[in-house]
Amino acid sequence: MARSKDSESKSADATEIPGRLQVEEGIAWLTIDLPGKKVNTLSSVFMAWFDQRLTELATADHQALILRSGKPGTFVAGADIEELKAAKDVAEVQELLRLGHAMLLRLSALPYPVVAAIDGACLGGGLELALAADWRVATESPKTKIGLPEVQLGLIPGLGGTQRLPRLIGVPAALDIILTGKQLTAKKALNLGIVDEICHPSSLSEAALRVAARGKRKKGKSIGKQGLAAKVGDLLAHSPLGDKVVYDKARSGVQKQTKGHYPAPFAAIEVIQDGLGMSLEKGLERESEAFVELVVSDVAKNLMGIFFMKNAVDARAAALAKKGRPVERAAVLGAGLMGAGIAQGLAYKGYSVALKDRDFESLGRGVHYVAERFEELRKRRRYNEVQVKEAMARLHPTIEYGPLEHVDFVVEAVFEDLKVKRQVLAETEAAAPVDLIFATNTSTIPIADIASGSRNPENVIGMHFFSPVHKMPLLEIIRHPKVSEKTLATTVAVGRAMGKTVIVVEDGPGFYVNRVLGPYIQEALWCLTEGARIEEVDAALSRWGWPVGALTLLDEVGLDVGYHAAKVMAEHFGDRLDMPSALQNLIDDGRKGRKGGKGFYLYDDGERQGPDPKVYDLLGWTESSVPADEISERCWLQMLNEVARAMEDQIITNPEDVDIGIIFGVGFPAFRGGILRLADHVGLERVVERLRHWESLKGHRFTPAPMLVEMARTGATFHA
Ligand code: NAI
């Protein structure tokens, strides 16, 4: 029979013990299992416990040590970011890193082989722990994800990842993983040489014992099945040519991607390059220096802030979703750009979806669009052929209402016209069960106006997706005074099941996201009419950090769509949001943006060409300098001012929802932490001062919202 010896201290409080160390037939099994937590992290409690176990292990004569998790489906998800954020000062972070490095060096130095047995998330500090082992085995479970995502939080791997990974798999592959923060499947990790064997989850222990039998690992690379190019790249990285060929190439790639706004990837490149010319111990010190500099930077604070805000937003939505009722069969009305995208998202997540349009031609286009998205997934190996067939089989195209007889949930995405939407609602209600939920994807029409035509207004709700649906992570759910809590909760649940980040807002023109996007785009238009060139306006905004400039964005959205939204807003909010004449002139000229081949830019077969000089004629424009700083400041201040007014109107009240909505809905630059985070950072007194400045030059549209004035007066901030 197996001998089992449990070496936990009897006196310790069992609820505090973050793991177990057991010895069976000469093999030590260290099981990481943080009590009361869904996932394991390298918390300080764990590290202290682990440190003591290492002292015991160092003098034992086991045959092997196997690290594993007591939580199925997660190994170690990373460092404890809460603790990192709570660190009092740089010295505390430095001390944490010093202890962590010393511990992992002791782990590597154990006189017998150490194996990390990985099932589930093995990320950040989790992978760094595993990299300090001799061998790694991982399960083929879809939950197994291996990576170093620290750059996404504005950091670099701080527990040796920048030093051990390139030494293990070569510089080019390590750079790719560290600079992108991508998460690999076990198979990919095997091919790169990060893990040594993969197995079915049920045979993880056997696989771990098998690789342990290989003994201590000899120094040297393990670059798996990487091709010749990777090997040559690694050789170059170690040669005097490395600078030019490997590292400069990585730097220019990062510069292009980040426009220089994110310091972490640059720091990672530097630390890898420096570290490879040193001993591992010195390299680890170099890594710590860079980590500490980053952890106190504004960018890291902002990115970590987003991480916490998103968790909070998700947790609130998850709590709400629990109160929903089950939905199995859904329908989507309108198979246009949005309807087809929504139907694809539902079928992808396993719902049976009836997709209805008015005629076969429109329906055919929608079905083709859905098929294209699934084909993309297949090409990216996220789906195999059978899965594509199964997903397409869940889609039921129709031009009749008959198939709606048994559905629980309908998303309506027909033309943006109240009469059409009401008619579709009435027809749906005539065909579908009484308690059907009707979610409208309108972008501008008040939900109450649509709901008032319903026999069950409590079952009607707004479900505002963003385009393209398969890429955009945000879903804005809009309630109106009559909607029931059950309808709200069910809609949130469906949105979450589709993988969206869900915020709930109140009914009103433009709801939240479009309401605040409007004034931002309009301000860019004002800058254009005042004499800035099209490309200057866009360049100023993208240099500030927007993914694309506002004029490019309007071309993408469609000038006709933007015009319609602007009209709705102007009707409700009056001259404060009057449309610049620029837009009107371009609409009168039949410009629709990319889809029509011309907007601010010209398009050839969908491919963007240069700015269209005819736009300047249409505007009666004369060139006049509008500095880039002025363009970016006016645009974000206008957006902020409208955010404050939406908050005053109680359309949205939680600052976390505001910031997550703007980042995930329209790509507000993440390194700035969110629009309210930015306002706090600038200081509201200064914000109001700048608004007053622009008010004196440009007029009423810059009058600061009373909320901002009051907050500036009392020295308040949006975030705690
Ligand atoms: P679209 O014009 O591409 O598609 C509308 C579809 O509805 C067409 O296929 C049309 O044949 C169909 N349709 C019209 N009347 C119908 C009826 N009575 N029964 C069944 N189908 C009918 O429009 P798009 O862009 O997909 O927009 C749809 C809705 O989504 C609109 O309310 C729009 O405001 C909203 N929306 C649009 C966004 C965008 O970026 N395009 C973003 C968010 C919301």
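The values are calculated or read from the model by the stated rules, or taken from the named source; none is laboratory data. The structure displayed is predicted, hence computed values, not measured ones. Ideal geometry is used to build each Cβ from the backbone, glycine not excepted, and the neighbour counts take in all protein chains shown. What goes into the accessible areas is simple: the full protein's heavy atoms, side chains included, and nothing from ligands, DNA or RNA. Shrake-Rupley method; radii C 1.70, N 1.55, O 1.52, S 1.80 Å.
Quick check: anything in region 62-84 farther than 30 Å from residue 183 by Cβ and either open to solvent by 30 Å² or more (accessible area, probe 1.4 Å) or modelled with pLDDT of 95 or more (or both)? Quick ask: steps written out before the conclusion?
Keep residues of region 62-84 that are farther than 30 Å from residue 183 by Cβ, which gives 62-63.
Filter once more, keeping what is either open to solvent by 30 Å² or more (accessible area, probe 1.4 Å) or modelled with pLDDT of 95 or more (or both): 62-63.
Checked against the condition, which is being farther than 30 Å from residue 183 by Cβ and either open to solvent by 30 Å² or more (accessible area, probe 1.4 Å) or modelled with pLDDT of 95 or more (or both), region 62-84 yields at least one hit.
Is there a residue being within 22 Å of residue 474 (Cα to Cα), among the β-branched types (Val, Ile, Thr) and in contact (Cβ under 8 Å) with a residue 40 or more places away in the chain anywhere in region 612-619?
The answer is no; no qualifying residue exists.
Checking residue 286 against (1) touching a Gly at 6+ places or on another chain (Cβ under 9 Å); (2) surrounded by fewer than 17 Cβ atoms within 10 Å (Cβ to Cβ); (3) of a type in the set (D, E, K, R); (4) more than 26 Å from residue 664 (Cβ to Cβ), which test does it fail?
The one condition residue 286 does not meet is (2).
Going through region 418-436 one residue at a time, which ones are open to solvent by 70 Å² or more (accessible area, probe 1.4 Å) and out of contact with any Gly (no Cβ under 6 Å at 6 or more places or on another chain)?
Within region 418-436, 419, 423, 430, 434, 435 qualify.
Select, from 534, 521, 478, the only residue that is within 15 Å of the ligand (Cβ to nearest atom), farther than 30 Å from residue 377 by Cβ and in contact with a Gly (Cβ under 9 Å, 6 or more places away or on another chain).
521 is the lone residue from the list that is within 15 Å of the ligand (Cβ to nearest atom), farther than 30 Å from residue 377 by Cβ and in contact with a Gly (Cβ under 9 Å, 6 or more places away or on another chain).
Could you run through region 21-39 and say how many residues are acidic (Asp, Glu) and closer than 21 Å to residue 51 by Cβ?
Qualifying residue count, region 21-39: 1.
Determine if region 109-122 includes at least one residue that is exposed (fewer than 14 other Cβ atoms within 10 Å of the Cβ) and under 30 Å from residue 292 (Cβ atoms).
Yes - at least one qualifying residue is present in region 109-122.
One residue is enough: does region 341-351 have a residue meeting the conditions away from the ligand (no atom under 13 Å from the Cβ), assigned by TED's automatic domain parsing to the domain that holds residue 476, part of a helix (DSSP H, G or I) and surrounded by fewer than 16 Cβ atoms within 10 Å (Cβ to Cβ)?
No, region 341-351 contains no residue that is away from the ligand (no atom under 13 Å from the Cβ), assigned by TED's automatic domain parsing to the domain that holds residue 476, part of a helix (DSSP H, G or I) and surrounded by fewer than 16 Cβ atoms within 10 Å (Cβ to Cβ).
Go through (1) out of contact with any Asp or Glu (no Cβ under 7 Å at 6 or more places or on another chain); (2) closer than 16 Å to residue 491 by Cβ; (3) surrounded by fewer than 23 Cβ atoms within 10 Å (Cβ to Cβ) for residue 412 and report which single condition fails.
The one condition residue 412 does not meet is (3).
With the checklist (1) touching a residue at least 60 places away in the same chain (Cβ under 8 Å); (2) within 18 Å of residue 530 (Cβ to Cβ); (3) open to solvent by less than 60 Å² (accessible area, probe 1.4 Å) in hand, flag the one item residue 642 doesn't pass.
It is condition (2) that residue 642 fails.
Taking the conditions exactly as written (away from the ligand (no atom under 16 Å from the Cβ) and closer than 19 Å to residue 537 by Cα), does residue 559 satisfy them or not? Walk me through how you get there before you give the answer.
Numbers: away from the ligand (no atom under 16 Å from the Cβ): no; closer than 19 Å to residue 537 by Cα: yes.
Taking the combined requirement at face value, the residue does not satisfy it.
Considering each residue of region 707-720, count those that are in contact (Cβ under 8 Å) with a residue 60 or more places away in the chain and assigned to a helix (DSSP H, G or I), and give that number.
Applying the first criterion (in contact (Cβ under 8 Å) with a residue 60 or more places away in the chain) to region 707-720 yields 707-708, 718-719.
Going one step further and asking which of them are assigned to a helix (DSSP H, G or I), we end up with 707-708.
Residues that pass the stated criteria total 2.
What's the total number of residues in region 38-52 that are under 23 Å from the mean Cα position of the chain (by Cα) and under 9 Å from residue 18 (Cβ atoms)?
1
Assess whether residue 282 counts as being away from the ligand (no atom under 16 Å from the Cβ), in contact with a strand residue (DSSP E or B) (Cβ under 7 Å, 6 or more places away or on another chain) and outside the structural domain of residue 386 (by TED's automatic domain parsing).
no
Which residue pairs have Cβ atoms closer than 7 Å, lie 6 or more positions apart in sequence or on different chains, and pair a first residue in region 692-704 that is more than 15 Å from residue 639 (Cβ to Cβ) with a second residue that is among the polar types (S, T, N, Q) and modelled with pLDDT of 95 or more?
695/703
Any idea which of 439, 493, 430 is more than 9 Å from the ligand (Cβ to nearest atom), in a helix (DSSP H, G or I), of a type in the set (Gly, Ala, Ser) and closer than 19 Å to residue 327 by Cα?
493 is the lone residue from the list that is more than 9 Å from the ligand (Cβ to nearest atom), in a helix (DSSP H, G or I), of a type in the set (Gly, Ala, Ser) and closer than 19 Å to residue 327 by Cα.
Has region 497-504 got any residue that is over 21 Å from residue 652 (Cβ atoms), under 23 Å from the mean Cα position of the chain (by Cα), in contact (Cβ under 8 Å) with a residue 12 or more places away in the chain and assigned to a helix (DSSP H, G or I)?
Yes, there is a match, as at least one residue in region 497-504 is over 21 Å from residue 652 (Cβ atoms), under 23 Å from the mean Cα position of the chain (by Cα), in contact (Cβ under 8 Å) with a residue 12 or more places away in the chain and assigned to a helix (DSSP H, G or I).
Quick check on my filter: what residues within region 368-403 are within 11 Å of the ligand (Cβ to nearest atom) and either assigned to a helix (DSSP H, G or I) or in contact with a Gly (Cβ under 6 Å, 6 or more places away or on another chain) (or both)?
Once the filter is applied, which keeps residues that are within 11 Å of the ligand (Cβ to nearest atom) and either assigned to a helix (DSSP H, G or I) or in contact with a Gly (Cβ under 6 Å, 6 or more places away or on another chain) (or both), region 368-403 yields only 369.
Results for (1) acidic (Asp, Glu); (2) touching a residue at least 60 places away in the same chain (Cβ under 8 Å), shown as yes or no for each residue.
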residue	(1), (2)
328	yes, yes
333	no, yes
339	no, yes
342	no, yes
345	no, yes
354	no, no
357	yes, no
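Name, by its number, the condition in (1) in contact (Cβ under 8 Å) with a residue 12 or more places away in the chain; (2) open to solvent by 80 Å² or more (accessible area, probe 1.4 Å); (3) part of a helix (DSSP H, G or I); (4) over 24 Å from residue 669 (Cα atoms) that does not hold for residue 623.
Residue 623 satisfies all of (1) in contact (Cβ under 8 Å) with a residue 12 or more places away in the chain; (2) open to solvent by 80 Å² or more (accessible area, probe 1.4 Å); (3) part of a helix (DSSP H, G or I); (4) over 24 Å from residue 669 (Cα atoms) except (3).
Regarding region 454-468, can at least one residue be identified that is within 16 Å of the ligand (Cβ to nearest atom), under 24 Å from residue 341 (Cβ atoms) and part of a helix (DSSP H, G or I)?
There is no residue in region 454-468 that is within 16 Å of the ligand (Cβ to nearest atom), under 24 Å from residue 341 (Cβ atoms) and part of a helix (DSSP H, G or I).
Among the residues that make up region 376-391, is at least one of them surrounded by 17 or more Cβ atoms within 10 Å (Cβ to Cβ), more than 25 Å from residue 361 (Cβ to Cβ) and over 34 Å from the mean Cα position of the chain (by Cα)?
Looking through region 376-391, none of the residues is surrounded by 17 or more Cβ atoms within 10 Å (Cβ to Cβ), more than 25 Å from residue 361 (Cβ to Cβ) and over 34 Å from the mean Cα position of the chain (by Cα).
What number of residues in region 212-248 are assigned to a helix (DSSP H, G or I) and surrounded by 13 or more Cβ atoms within 10 Å (Cβ to Cβ)?
Selection size over region 212-248: 14.
Between a residue in region 153-177 that is farther than 25 Å from residue 308 by Cβ and any residue that is modelled with pLDDT under 95 and of a type in the set (Ser, Thr, Tyr), which pairs come within a Cβ distance under 6 Å, given they are 6 or more apart or on different chains?
Pairs found: 168/222.
Which of the residues belonging to region 49-92 are part of a helix (DSSP H, G or I) and under 21 Å from residue 107 (Cα atoms)?
Correct list: 49, 50, 51, 52, 53, 54, 55, 56, 57, 58.
Is it the case that residue 684 is without any contact (Cβ under 8 Å) to a residue 40 or more places away in the chain and surrounded by 23 or more Cβ atoms within 10 Å (Cβ to Cβ)?
yes
Is at least one residue of region 437-447 in contact with a helix residue (DSSP H, G or I) (Cβ under 8 Å, 6 or more places away or on another chain), closer than 25 Å to residue 351 by Cα, at pLDDT below 95 and open to solvent by 30 Å² or more (accessible area, probe 1.4 Å)?
yes
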